[in-house]
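Trainee: Let me begin by handing over the structure; questions about it come next.
Derivation of every value follows stated rules applied to the coordinates shown; laboratory data play no part. Not measured: the values here are computed from a predicted model. Cβ atoms come from the backbone with ideal geometry, glycine included; neighbour counts cover every protein chain shown.
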Amino acid sequence: MNIIDHGTWTPYTPEKAPEGLPPNIVFVKRAGDGVDWYRHVNAEGSFRKDSVALTLFDNVVRVATRDPTTLWPAGARVLELTDMAVADPQAMFGGKTYDQGARTFVDGPTPEPHPLAKWIARLEARIAALEGKS
């Protein structure tokens, strides 16, 4: 597996939007060189056919797909993993943390439950007790 870094992408407004596009379309460019995402992802040779494309937010993989045109990288870093023979890239990489120094993907910490989850659990327990189900 080889890792290609396609950079970090940020939203922007072009000076002149291409004609025929809806007025609410959002554009994204690469930080550093300003390359437009739509141009990049559709350019011949930008992504290899046998690769997996990833979006990372805070080094955590949010989307892993074989079709980079389905990514929306606003605020994300895009990586490409070449020579990947994996049937379900999202199952393999989704939620993993990217260790840039080691160039590996590791299981991230288990996220804390939403604060309302504990409240809901207590409420469900009270309802069950009142209904004589516990």
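Trainee: Considering every residue within region 43-58, establish whether at least one is among the small types (Gly, Ala, Ser), surrounded by 15 or more Cβ atoms within 10 Å (Cβ to Cβ) and either farther than 16 Å from Pro89 by Cβ or over 16 Å from the mean Cα position of the chain (by Cα) (or both).
Mentor: Yes.
Trainee: Oh, and also: For region 91-98, does any single residue satisfy the condition of being of a type in the set (Phe, Trp, Tyr), assigned to a strand (DSSP E or B) and in contact (Cβ under 8 Å) with a residue 12 or more places away in the chain? Show your work before the answer.
Mentor: Our first condition is that a residue be of a type in the set (Phe, Trp, Tyr); within region 91-98, this holds for 93, 98.
Still in the running and assigned to a strand (DSSP E or B): 98.
Imposing the further condition that a residue be in contact (Cβ under 8 Å) with a residue 12 or more places away in the chain reduces the set to 98.
Yes, region 91-98 has at least one match.
Trainee: Next question. From the set of residues in region 20-52 that are among the basic types (Lys, Arg) and touching a strand residue (DSSP E or B) at 6+ places or on another chain (Cβ under 6 Å), which is nearest to Val78 (Cα to Cα)? It would help to see each step written out before you state the result.
Mentor: Pass one, region 20-52, residues among the basic types (Lys, Arg): 29-30, 39, 48-49.
After this cut, where a residue has to be touching a strand residue (DSSP E or B) at 6+ places or on another chain (Cβ under 6 Å) as well, the list is 29-30, 48.
Working: Lys29: 12, Arg30: 10, Arg48: 14 Å.
Taking the candidates together, the pick is Arg30.
Trainee: Being closer than 16 Å to Val60 by Cβ, in contact with a Lys or Arg (Cβ under 9 Å, 6 or more places away or on another chain) and among the acidic types (Asp, Glu) is the filter here, so list the residues in region 71-124 that pass it.
Mentor: Result: Asp107, single match.
Trainee: List every residue pair whose Cβ atoms lie under 8 Å apart, where the two residues are 6 or more positions apart in sequence or sit on different chains, the first residue falls within region 10-21 and is farther than 19 Å from Gly32 by Cβ, and the second residue, located anywhere, is assigned to a strand (DSSP E or B).
Mentor: That search, which allows pairs on different chains as well, returns Ala17/Phe27.
Trainee: May I ask you to say which residue of Ile4, Ile25 is out of contact with any helix residue (DSSP H, G or I) (no Cβ under 9 Å at 6 or more places or on another chain) and not in a loop (DSSP other than H, G, I, E, B)?
Mentor: Ile4
Trainee: Right, another one. Which condition from (1) in contact (Cβ under 8 Å) with a residue 24 or more places away in the chain; (2) out of contact with any helix residue (DSSP H, G or I) (no Cβ under 8 Å at 6 or more places or on another chain); (3) in a loop (DSSP other than H, G, I, E, B) is the one that His40 breaks?
Mentor: Among (1) in contact (Cβ under 8 Å) with a residue 24 or more places away in the chain; (2) out of contact with any helix residue (DSSP H, G or I) (no Cβ under 8 Å at 6 or more places or on another chain); (3) in a loop (DSSP other than H, G, I, E, B), His40 violates only (3).
Trainee: Continuing with the same structure: Tally the residues that are under 10 Å from the mean Cα position of the chain (by Cα), in contact (Cβ under 8 Å) with a residue 40 or more places away in the chain and assigned to a loop (DSSP other than H, G, I, E, B), restricting the search to region 67-88.
Mentor: Adding up the residues that qualify gives 4.
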